[in-house]
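Undergrad: Take a look at the following structure, please.
Read-outs throughout are calculated quantities, based only on the coordinates presented, and are distinct from any laboratory measurement. As the structure is a prediction and not an experimental result, all values here were calculated from the model.
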Amino acid sequence: MNLAIASTALATIVDHAAAASPLEACGIVVGTGGSITEALPATNVAADPATAFEIDPAALLRVHREARDSGRAVVGWYHSHPNGSAQPSTTDAAGAVEDGRVWLIVAGGRISAWRATTGGILHGRFDPLALVAA
């Protein structure tokens, strides 16, 4: 399955990950239907941001409200693996809600896209998506 993403959103994610390294960067992606129109960096409030991510809850609530008011939706999240691969880890799988949201993971300047779903092919939680720059 293809997922369109604005080139500005791609650049935001890659730049945020590079700036946050060696800590994990994280943020929220918004859009409509099958496309991502914007990536919004958030503060990583995890207890150990070098090995985990947790999006600031206040930012999450604010972005949900702003997206809804503009006719868009929160379609998922992004985070980085500064010293890992651009695919979900078992830790990611353990924390993922199987709600169909998109997970973008950046490592080494490369972004991969996944949908959190019941019985996914990776860790029983994620199915791959093909990112298409728009």
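Undergrad: Taking just the alpha-carbon atoms of the chain, what radius of gyration and Dmax come out, in angstrom?
TA: 13.5, 37
Undergrad: Could I ask something else about it? Can you tell me what share of the DSSP beta bridges in the chain is antiparallel? A percent to the nearest 5 is fine.
TA: Among the beta bridges of the chain, antiparallel pairing accounts for roughly 70 percent.
Undergrad: Here's another thing I want to ask about it. Using each residue's phi in region 112-127, evaluate 6.51 cos²θ - 1.76 cosθ + 1.60 at θ = phi - 60° and report the 3J(HN,Hα) Karplus result to the nearest Hz, with x for Gly and Pro.
TA: So the Karplus estimates, Gly and Pro as x, are 10, 10, 9, 10, 6, 8, 5, x, x, 6, 10, 6, x, 9, 10, 10 Hz.
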